[in-house]
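> So that we are looking at the same thing, I have put the structure below in structure tokens.
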Amino acid sequence: MLDVGILMCRAGAAQAQLIQQYFPTEIPGYSPDFGASVVSRLNTQNQTDGVEIGDFILRPLISESTGYNSNVLGAPDSGSSSIDSIAAVRLNSDWGRDALGASFSVDDRRYLQLPEANYDNWSAGLGGALTLGNDTATLAYSHLALHLNATDPGVIGVVTPVPYSIDDVRASYAKLFARISITPAFEYQRFVFGQSTGGTRVNYDSLDHQTESGTLTAQYEFTPGDAAVLVLRVTQAQYELVPADNYLDLSGFAGLDFRGDDVIQFRTLIGLERRSFNAAAYQAVTTPTCELDAVWTPTQLDTVTATAIRQQDDPTSPFAHNQIITHAGLELDHELRADVFLRANAGGGESESQAGAGLGTASQTQMSFGASVIWNMNRHMRATLSYGYSHSAAAGGQTERSPGSFGYSTFTSHAILLGISFFE
């Protein structure tokens, strides 16, 4: 079963613009979801057989949802009813050792009272894994066509959605030495930004850039499923129109990856990241970084999921050359009955946008919470009702220089969404 919980339950609430959440999680070469909530675990256990095509299994999905968002554009009088249509398909091999998978999804969002806010997101991915004795080699590619929205953290000057695309290629080779594994990996990404829609048209092509990253991960396994982890990474970026924003990024992390326990599973990494820029006027930025994923299963009917991240990110505005993103979230899932689940979530985050020389720093904080009811009507049909609230406050920087003066502001939104999905 394809899990579209993120798409179905977001209810229009603002979320951190963390690109990794959009990459496919169920094809080889990309990281799978860390843990299993009550909802996803039982969905996996009760999933249908899919459609067999030779040695492959095809799993299609279609969903339709409608609702209302009181603040679509982060501006006064921008409430609108919405219709969200999603179609997705995943194809995975059913082999014993090696693996090959592909996925495609499209998300069409329509705002009936604000047609200038309409957009279509889509993604496609292909990945494979080859087993060589005790070692594993992976190669994967994905293309994402997404949009920046005015309510995304750290997005300066956006009024209506701005299209952008990502081409991502990654390769890795995991070498196993008894309890120790060494995994070198390489990733290439190319970002291309377009022009916003509506009456205020702004071209964001100054953000076009590419990055190359090399990573070395070492892991020592104490017991099956429990290990210590060390990660070293170097990244360089080249901006096509603004070479002054080119940078070299060095980072290192150490942590634990404990998944051998059925009650508590967690992965935590703590480290330091330093980014130096091509332009002498831009000071190098050194900051502590961290990542946390944890799942607590106190009973067979409940799970508590916690996530946290702090990292340096590429800017989502021509008025900044670097951003530091901090975000944390908590989700509670409860199985009310065999086919009905309750979900509550809360989160908060901050973005610090490092502007160009002499322009200062702009910051934005966001807090959100939501609740949803998920009803698995049968093995092929699911209904969802969700509510989301978010509040955002911005301060500092010279954001008045950006087109669309309310594109980086303080706002509050309420959203409700009712959806139904069909899958095989």
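The values are calculated or read from the model by the stated rules, or taken from the named source; none is laboratory data. All of these numbers come straight from a predicted model, not from anything done at the bench. Cβ: placed from backbone, ideal geometry, glycine included. Neighbour counts: every protein chain shown.
> Restricting to segment 172-184, name every residue that is surrounded by fewer than 18 Cβ atoms within 10 Å (Cβ to Cβ) and either of a type outside the set (A, V, I, L, M, F, W, C) or closer than 27 Å to residue 316 by Cβ (or both).
Scanning segment 172-184 gives 173, 175, 179, 184.
> Which of the residues belonging to segment 106-123 are crowded, with 16+ Cβ neighbours inside 10 Å and either hydrophobic (A, V, I, L, M, F, W, C) or assigned to a strand (DSSP E or B) (or both)?
107, 109, 110, 111, 114, 117, 119, 121, 122, 123
> Quick check on this structure: which one of 211, 217 is more than 21 Å from the chain's Cα centre (by Cα), surrounded by 15 or more Cβ atoms within 10 Å (Cβ to Cβ) and in a strand (DSSP E or B)?
Only one candidate passes the filter, namely 217.
> OK, next. Output the residues belonging to segment 307-357 that are in a loop (DSSP other than H, G, I, E, B), over 15 Å from the mean Cα position of the chain (by Cα) and charged (D, E, K, R).
339, the sole residue that qualifies.
> Quick one: which of 178, 185, 227 is free of Cβ contacts under 8 Å to residues at least 24 places away in the same chain and of a type in the set (Gly, Ala, Ser)?
Exactly one of 178, 185, 227 is free of Cβ contacts under 8 Å to residues at least 24 places away in the same chain and of a type in the set (Gly, Ala, Ser), namely 178.
> Another question about this same structure. Condition check: crowded, with 20+ Cβ neighbours inside 10 Å, assigned to a strand (DSSP E or B), in contact with a Phe, Trp or Tyr (Cβ under 8 Å, 6 or more places away or on another chain) and not aliphatic (A, V, I, L, M). Does residue 103 satisfy that?
no
> With under 30 Å from residue 246 (Cα atoms), surrounded by fewer than 18 Cβ atoms within 10 Å (Cβ to Cβ) and in contact (Cβ under 8 Å) with a residue 60 or more places away in the chain as the only criterion, which of 281, 320, 308 stands out?
Testing whether each residue is under 30 Å from residue 246 (Cα atoms), surrounded by fewer than 18 Cβ atoms within 10 Å (Cβ to Cβ) and in contact (Cβ under 8 Å) with a residue 60 or more places away in the chain leaves just 281.
> Further, regarding this structure: Could you tell me whether any residue of segment 39-48 is surrounded by fewer than 17 Cβ atoms within 10 Å (Cβ to Cβ), at pLDDT below 75, touching a Phe, Trp or Tyr at 6+ places or on another chain (Cβ under 8 Å) and not in a helix (DSSP H, G or I)?
Scanning segment 39-48 turns up at least one residue that is surrounded by fewer than 17 Cβ atoms within 10 Å (Cβ to Cβ), at pLDDT below 75, touching a Phe, Trp or Tyr at 6+ places or on another chain (Cβ under 8 Å) and not in a helix (DSSP H, G or I).
> Is it the case, given these coordinates, that residue 343 is of a type outside the set (A, V, I, L, M, F, W, C) and in contact with a Cys (Cβ under 8 Å, 6 or more places away or on another chain)?
So residue 343 fits the description; yes.
> Kindly list the number of the only condition in (1) polar (S, T, N, Q); (2) over 30 Å from residue 334 (Cβ atoms); (3) modelled with pLDDT under 95; (4) touching a Leu at 6+ places or on another chain (Cβ under 7 Å) that fails for residue 307.
(2)
> Return the total of residues in segment 123-152 being in contact (Cβ under 8 Å) with a residue 60 or more places away in the chain, within 30 Å of residue 202 (Cα to Cα) and touching a Ser or Thr at 6+ places or on another chain (Cβ under 6 Å).
The qualifying residues number 4.
> Does residue 98 satisfy being in contact (Cβ under 8 Å) with a residue 12 or more places away in the chain and charged (D, E, K, R)?
Yes: the conditions hold for residue 98.
> Residues in segment 326-338: is at least one closer than 30 Å to residue 221 by Cα and β-branched (Val, Ile, Thr)?
yes
> Looking for whichever is surrounded by fewer than 16 Cβ atoms within 10 Å (Cβ to Cβ) and outside any strand (DSSP E or B) here; the options are 241, 256, 272, 248. Which one fits?
Exactly one residue qualifies, and that residue is 241.
> Assess whether residue 77 counts as being modelled with pLDDT under 75, of a type in the set (D, E, K, R) and in a loop (DSSP other than H, G, I, E, B).
For residue 77, the condition - modelled with pLDDT under 75, of a type in the set (D, E, K, R) and in a loop (DSSP other than H, G, I, E, B) - is not met.
> Is it the case that segment 160-168 has a residue that's aliphatic (A, V, I, L, M) and over 20 Å from residue 314 (Cα atoms)?
For segment 160-168, residues aliphatic (A, V, I, L, M) and over 20 Å from residue 314 (Cα atoms): absent.
> Moving to a separate point now. Report, by residue number, each residue of segment 123-159 that is at pLDDT 90 or above, within 14 Å of residue 194 (Cβ to Cβ) and among the hydrophobic types (A, V, I, L, M, F, W, C).
Of everything in segment 123-159, those that are at pLDDT 90 or above, within 14 Å of residue 194 (Cβ to Cβ) and among the hydrophobic types (A, V, I, L, M, F, W, C) turn out to be 144, 145, 146.
> Say we look at segment 393-417 and pick out the residues that are at pLDDT 90 or above and buried (at least 16 other Cβ atoms within 10 Å of the Cβ); which of these is nearest to residue 321 (Cα to Cα)?
In this case the residue turns out to be 413.
> If I go through segment 288-303 residue by residue, how many of them are β-branched (Val, Ile, Thr) and surrounded by fewer than 16 Cβ atoms within 10 Å (Cβ to Cβ)?
1
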